[in-house]
Amino acid sequence: MRLALKTSAPVRTRSVRRVLITLLVAAVAAALAIGWIAVANAVNQPELRIRGIPSSGVLNAAELSKATLKVDVVDRNDEALGNEALRNVEVRLNGEIVPTLWVANHRVLDVGALRDGEYELTVTADPGLLSREITLSRRFIVDTTQP
């Protein structure tokens, strides 16, 4: 024979209240942690840089034969965040995804085989957890005709 355990209404109310308070404290702690990560990532947001396009924006025959475009991160406050941004980079040339190589702390795009014309290079990086995407675009012209 089993005896039913009787609890009074105030005891049940207190235990329910404790569970709700515990859940509330856990939710607030999680929200604070997520907010802290988001703020830290916003402050340490990496800045992309594209090197290898002359200031004139024109690659001539001599420059094109040895040209490589490098994408890297400027002023790395957070080395891990910068590396993550470069690890998850997508490079497009005139809207088409092009492959890049990982060399040291750079992503490298070989443009030696490009034909004459106008190009738009767009780099999009995703630094990861709770960080917004970074996009950088540059226009340049390839002109290999002799003057």
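Details
- Between Ala33 and Arg51, the contour length at 0.36 nm per residue exceeds the Cα-Cα span by 2.8 nm.
- For the pair Val25 and Arg92, the difference between a 0.36 nm per residue extended length and the Cα-Cα distance amounts to 19.5 nm.
We did not get these values from a lab; they are worked out from the coordinates using the rules stated. Everything numeric here is computed off the predicted structure, so don't read it as measured data.
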